[in-house]
1. What aspartates and glutamates sit close enough to Lys112 to cross-link, taking a C-alpha to C-alpha distance under 13 Å and skipping anything fewer than 8 places away on the same chain?
2. Ratio of region 87-211's C-alpha Rg to 2.2 N^0.38 Å, to two decimals?
3. Which FRET efficiency, nearest 0.05, do Glu81 and Val114 yield, Cβ-Cβ r, R0 45 Å?
4. Excluding residues on the same chain fewer than 8 positions from Lys88, give the aspartates and glutamates whose Cα lies under 20 Å from its Cα.
5. Report the percentage of all Cα-Cα pairs in region 150-215 whose separation exceeds 16 Å, rounded to a whole percent.
6. What pairs in Lys161/Lys195; Lys123/Lys195; Lys123/Lys210; Lys154/Lys210 have C-alpha atoms more than 24 Å from each other?
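Computed from the coordinates by the stated procedures, all read-outs in this text should not be read as laboratory data. Computed from a predicted model, the values in this text were never measured in an experiment. Counting neighbours? That spans all protein chains shown, and the Cβs are built from the backbone with ideal geometry, glycine included.
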Amino acid sequence: MSKRGYKSRSYTLENLVSTSFNRQYATHATPEKKSKKMLFYLTGLVFAMVGCSYAAVPLYRRFCQATGYGGTVQRRESVEEKIARHVKDGTVTSREIVVQFNADVADGMPWKFVPTQREVRVKPGESALAFYTAENRSSAPITGVSTYNVTPMKAAIYFNKIQCFCFEEQRLLPGEQIDMPVFFYIDPEFETDPKMDGINNLILSYTFFKVSEEN
């Protein structure tokens with residue numbers, strides 16, 4: 001009985017020593033592990049933020065095209081199909097719409113960016129051509145990309161772009177200037193939608209963002 005009891009006590013003592021050692025080791029190891037985990041998380045966060053900054057414009061484009069959010073045109077029927085259908089049906093109306101143009105640049109973008117015309121007048125079903133001008137006023141080559149929207153937002157679904165420079169990278173050398181066309185038309189269904197009553201002015205706005213700068 002005494003031997004079994006001694007062995008039991010000895011076993012318990014060994015467990016206590018082992019447990020105490022493990023606790024001390026864990027106490028010393030925990031801060032180091034936490035530091036490594038924190039470094040890992042922070043590194044991952046940095047890479048995620050960088051990735052998101054590069055992906056922001058294409059993701060915004062896909063989101064807006066899918067939902068029509070922000071006054072961005074939601075694509076359903078192709079532009080070519082709509083033009084062919086309305087020409088065939090002879091659905092060009094007499095109502096005149098004034099389309100005004102706006103241009104902005106994001107913070108840190110050293111470009112001059114302006115529309116070459118203030119506005120155009122177009123009837124639903126007719127196509128129209130407008131131009132924007134961009135100039136790199138910095139001393140380094142810069143690549144930029146633009147986003148756009150149409151206001152009022154509820155009228156954006158009727159604004160169809162045939163040709164546009166939005167979401168396409170534009171690289172300008174120092175002092176270089178380019179003219180960029182926007183070819184568009186307003187869907188004739190604009191005329192028959194009661195929600196469009198009283199809307200005779202649309203604003204097409206572009207904003208240019210800096211993608212990269214070469215030293």
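1. Asp104, Glu135, Glu176, Asp179
2. Relative to the 2.2 N^0.38 Å estimate, region 87-211 comes out at 1.17.
3. 0.85
4. Partners found: Glu77, Glu80, Glu126, Asp187, Glu189, Glu191.
5. Details: 1255 of 2145 pairs.
Of the Cα pairs, 59 percent sit more than 16 Å apart.
6. The pairs that break the limit, which is 24 Å between Cα atoms, are Lys123/Lys210; Lys154/Lys210.
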